[in-house]
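See structure below.
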Amino acid sequence: VPIGGKPLLEIWIEQLIDAGVDEFFINIHAHAQMVHTFFQQNDFDCVINCLDEAELLGTGGTLRKNAQFFVDGPFLCAHADNFCLADFKAFFAAHSNRSPEVEITMMTFVTDQPQSCGVVETNGYGIVTKFQEKVSNPTSNRANAAVFVMEPSVAHRLGADDRDVIDFCADELPKYVGRMQTWANDIYHLDIGTPENYSRANRDWQKMVQDKKGP
């Protein structure tokens with residue numbers, strides 16, 4: 001999926017390499033051969049591991065199956081089908097400076113479509129106290145961006161789970177109320193899963209490029 005002519009996956013990888021990430025695990029299913037061809041044609045300064053799933057396991061199921069890789073320290077988990085521009089160095093730093101009880105740092109963003117998002121409420125310290133998943137009258141417009149920095153303990157618990165298919169946001173996040181903090185991405189984040197939002201993302205990208213060039 002291109003944004004302004006650049007593959008969305010490339011935008012994600014370039015940002016994260018710039019923030020210090022040197023190894024990626026990318027779950028592929030639909031258009032798997034296209035993704036493999038993309039990596040054959042592009043040389044990134046990092047290690048790329050493609051996880052081919054014949055049957056989708058959900059984000060949590062993929063983490064459960066590959067929990068053995070996430071043992072050395074915090075790791076990032078992202079739904080990379082969203083168009084996200086963020087200060088990832090600041091995101092990682094926020095997790096490093098978390099309170100002792102926090103195991104997950106959730107990226108959030110302000111949305112003008114809260115009814116179509118999972119929104120969160122927090123206390124005065126930014127700790128998640130409540131979730132609302134796509135309700136008609138949400139009490140917040142601060143949405144879950146589906147981008148997380150997690151401690152290995154999160155993956156280890158999933159690794160002990162006997163389920164194959166696990167939706168991480170729906171099945172697991174509610175377990176971390178009080179143990180998950182938020183970090184606000186105020187640069188750009190948009191779910192491009194609809195034609196309208198995909199067109200919007202390309203228009204916004206073009207405007208950002210023009211603004212950088214100046215008059």
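Looking at the chain alone, DSSP beta bridges between its own residues are antiparallel in about 65 percent of cases. When every alpha-carbon pair in segment 97-215 is counted, what percent end up more than 16 Å apart? Result: 66 percent of Cα pairs exceed 16 Å. The residues of segment 26-87 have, on average, 57 Å² of accessible surface per residue, using a 1.4 Å probe with all protein chains present. For the chain, the relative contact order comes to 27 percent (Cα pairs under 8 Å, sequence separation of at least 6). Heavy-atom accessible area, probed at 1.4 angstrom with all protein chains present, ranks Met180, Met208 as Met208, Met180, highest first.
Comparing Glu133, Glu151, Glu53 in a Gaussian network model of the chain (Cα springs below 10 Å), the most mobile by mean-square fluctuation is Glu53.
Here the chain exposes an accessible surface that is 50 percent carbon and sulfur, computed with a 1.4 Å probe and the other protein chains kept in place.
Placing Thr182, Thr108 in order of accessible area, with the largest value first and a 1.4 Å probe, yields Thr182, Thr108.
Each of the peptides 9-20, 27-38, 84-95 was scored by the mean count of other Cβ atoms within 10 Å over its residues; in descending order, highest first, they stand as 84-95, 9-20, 27-38.
Across segment 35-160, Cα-Cα pairs more than 17 Å apart make up 67 percent of the total. Other residues within the sphere of radius under 15 Å centred on the Cβ of Ala30, judged by their own Cβ, net out at -4 (K and R +1, D and E -1). Across the chain, counting alpha-carbon atoms alone, Rg and Dmax equal 17.3, 58 Å. Pairs from the table (Lys134/Lys175; Lys65/Lys207; Lys89/Lys212; Lys65/Lys175; Lys175/Lys207) lying more than 29 angstrom apart at Cα are Lys65/Lys207; Lys175/Lys207.
A 1.4 Å probe, protein heavy atoms only, puts the accessible area of Ser96 near 90 Å².
What separates the Cα centres of segment 70-115 and segment 11-63 is a distance of 18 Å. Summarising the overall dimensions of segment 64-134 from its C-alpha atoms, the Rg and Dmax are 14.0, 39 angstrom.
The values are calculated or read from the model by the stated rules, or taken from the named source; none is laboratory data. These numbers were taken from a predicted model, which means no experiment stands behind them. Quick reminder, even Gly has a Cβ in these numbers, built from the backbone with ideal geometry, and neighbours come from all protein chains shown. These area figures cover heavy atoms from the full protein model, side chains too; ligands, DNA and RNA do not enter into them. Shrake-Rupley method; radii C 1.70, N 1.55, O 1.52, S 1.80 Å.
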